[in-house]
Each structure stands twice: as structure tokens, then as C-alpha cells.
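Below is one structure, written out as C-alpha cells; comments come after it.
The values are calculated or read from the model by the stated rules, or taken from the named source; none is laboratory data. Given the structure is predicted, the values throughout are model-derived calculations rather than measurements. Quick reminder, even Gly has a Cβ in these numbers, built from the backbone with ideal geometry, and neighbours come from all protein chains shown. These area figures cover heavy atoms from the full protein model, side chains too; ligands, DNA and RNA do not enter into them. Shrake-Rupley method; radii C 1.70, N 1.55, O 1.52, S 1.80 Å.
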Amino acid sequence: MSSQKGATPSLRFGQVVIGPPGSGKTTYCQGMQEFLTHLGRKVVVVNMDPANEGLPYSCAVDISELVTLDDVMEGLKLGPNGGLLYCMEYAEANLDWLESKLKQHSDCYFLFDCPGQVELYTHQSSVKNIFSQLAKWNFRLTAVHLVDSHYCADPAKFISVLCTSLSTMLHVELPHVNVLSKMDLIEQYGKLAFNLDFYTEVMDLTYLLDHLAADPFFKRFRHLNEKLVEVVQDYGLVSFVPLNVQDKESMIQVLRAVDKANGYCFGDLEERNLQAMMSAAVGADFQFDSYPFLITVVTHSDSSGLKSNLSIDGRRLKN
């Protein structure tokens, strides 16, 4: 399953797209593939979901060539959940097949469209082991965890989402970006109790407890909810990036977070301008007008190796 001795696999970057069923993973992969292609990246989508049928995107590697959920359910008399667990265990046992397929696309950026069963990312180890093996093959991956934004409209469901997201982050052990998907539809689910920043930045969750206490059913579980909230806040790991896959600016924000997480924006796989690199480093749009010395340093440096490769606002820096 491993590469030949003495041969170092080329460095490859990508995203593993995970999340509950119906959170928009396949739509995200389709939209991100088109978006990255327009940016000039050579993108390969890998379908890792054996239950995915009628894929809307062009798929270079498809796990259905190895195993499908329907075949497993029929042959082993398993239900959908048990069948999907078996499929991923089978994929883990046949990683040589996956390696041979991925080797055909060594110079690409990868999007892995993963199954939607939550326990695959919180309890079961097959998917985690596959991700670990990809890292050994010199993949630098970011886990993009999609969550439907409509959960923000229900405090109890949002706390549940926070717990699931935290558990996934700890179990998968990859650089992680949590995404609130379908933001263009959030108004259909009712008015939010707080502004959007409260949910994306996961601010003081005690305010959510007060909302839950107003419900006679959840009032009985206030102590349990307090402890769940304490766990999320004590770790301080969970935050979200809002996404409308049809909005360019929204896609840019998600891509910036993903590239920063796996280090792609600091690599040399494509020509980048200095503004994009600095923006990724500081987490905001960098204003060159306020720091003119940066341009001077770069343009007059003989040893940095940057002056022949960098450009500002589309203009190449001159010697």
C-alpha cells in the first residue's frame, strides 16, 4: 500500500469534505471545483461516498468502482448504517486501490467528497485511518465540516451541532474548518435569536441557555445543557465560516480559511501575489498603502527569491 522505498511522493494539497447527511457536501464539491478551476487550479474530485449516485460533478476517482452501498446491503443483508460502515472498512482494507488511482493525478488539488454518516467521524476509525494514510502519502489536507445553517434557528439543535463539531475535530485529527452551509436559505428558517456573529464566533453560550430555559421541555435539562456548553467553551476550538456556495465572496472566505489551515497559500504550486499571502497570515485584507516599506523590502531583496515570482494587483515586481 505504501510507495516504493526511496521514492518521496510529491506534495499534494486538498480538502476532505465531511458533515451530516443533507448538509450540502456534494453541492460544495461541485461549486468549489468550478470556483478553483476559474482560479487556475487543476482540481480532482474524489468520491469517497459509496452511496453517492448521479454525481453532478466530473469525478476522477470514484469509490463505487471498488464497493457500493447497494451491493453490500444486498449481499450481507445489512441496513444503510451498517452497510456504510462496512464499505468504509472495506475501503480501508484496500488502500492500495486508492493509492493507485490517486497516483494518476499527482499534480492536482484534491476534493474528497466523503459519506454523511456522523459516527464515521466521531466514533468509528476507518475514515480517520484513511485520512492518516493520505497524510503518509504526502497529502496536506483540511477537513471541511459542513453544517446546515438552519440549526442556528433552534438553540437546542445548535448546542448539539457544537458538540458534534467538537467531537469530529478531536477524532479526525486534521486541520479543521467548520462551515455553516446554505446561508442563502437561513431566512426561511425563522429569525435568529442573535446576530450571525454570535453563531459563527460561538460567543457566550449562556445566552442560549436562557432561551432554552423558556421552553418547559428543555427547562428540565438545564443542568445537562450547562455542562455541554461548558465542554464546548472550555475547549474553545469551535467556530464557523458562513457559506453561500453561489456567492463568490463567500467562497473566497472559505477558501482562504482552508488554504491557511493546510498551508497551501504558503506553497509554490501557483503564482501568488503578496497581498494574498499577507491577508492569509493576518486573517484579513492587508492594506499595502499603510505599509509601503514591505514593497521596498521585497523589490530590493537579492536573496529572498521573491522578486521574480511575486506581483501586486496583477503587476509583476521588477528587479
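Looking at Phe218, is it part of a helix (DSSP H, G or I) and more than 26 Å from Gly31 (Cα to Cα)? It would help to see each step written out before you state the result.
Values: part of a helix (DSSP H, G or I): yes; more than 26 Å from Gly31 (Cα to Cα): yes.
Answer is yes for this residue.
Test Ser100 against the criterion of being open to solvent by 30 Å² or more (accessible area, probe 1.4 Å) and small (Gly, Ala, Ser), and give yes or no.
On the way: open to solvent by 30 Å² or more (accessible area, probe 1.4 Å): yes; small (Gly, Ala, Ser): yes.
Yes: the conditions hold for Ser100.
The rows are residues; the columns are (1) within 16 Å of Ile18 (Cβ to Cβ); (2) assigned to a loop (DSSP other than H, G, I, E, B); (3) of a type in the set (Lys, Arg).
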{"residue": "Ala51", "(1), (2), (3)": "yes, yes, no"}
{"residue": "Met73", "(1), (2), (3)": "no, no, no"}
{"residue": "Cys87", "(1), (2), (3)": "yes, no, no"}
{"residue": "Ala91", "(1), (2), (3)": "yes, no, no"}
{"residue": "Leu98", "(1), (2), (3)": "no, no, no"}
{"residue": "Gln117", "(1), (2), (3)": "yes, yes, no"}
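In the list Leu141, Leu134, Leu174, Leu185, which residue meets the criterion of being farther than 24 Å from Asp247 by Cβ, part of a helix (DSSP H, G or I) and among the aliphatic types (A, V, I, L, M)?
Going through Leu141, Leu134, Leu174, Leu185 in turn, the sole match is Leu134.
With respect to Ser58, determine if the residue is under 29 Å from Glu249 (Cβ atoms), open to solvent by less than 10 Å² (accessible area, probe 1.4 Å) and assigned to a loop (DSSP other than H, G, I, E, B). First the steps, then the outcome.
Working: under 29 Å from Glu249 (Cβ atoms): yes; open to solvent by less than 10 Å² (accessible area, probe 1.4 Å): no; assigned to a loop (DSSP other than H, G, I, E, B): yes.
No; evaluated as a whole, the condition is false for this residue.
Only one of these is closer than 29 Å to Tyr28 by Cα and at pLDDT 90 or above: Leu255, Leu196, Leu192, Leu205. Name it.
Values: Leu196 fails: at pLDDT 90 or above; Leu192 fails: at pLDDT 90 or above; Leu205 fails: at pLDDT 90 or above.
It is Leu255.
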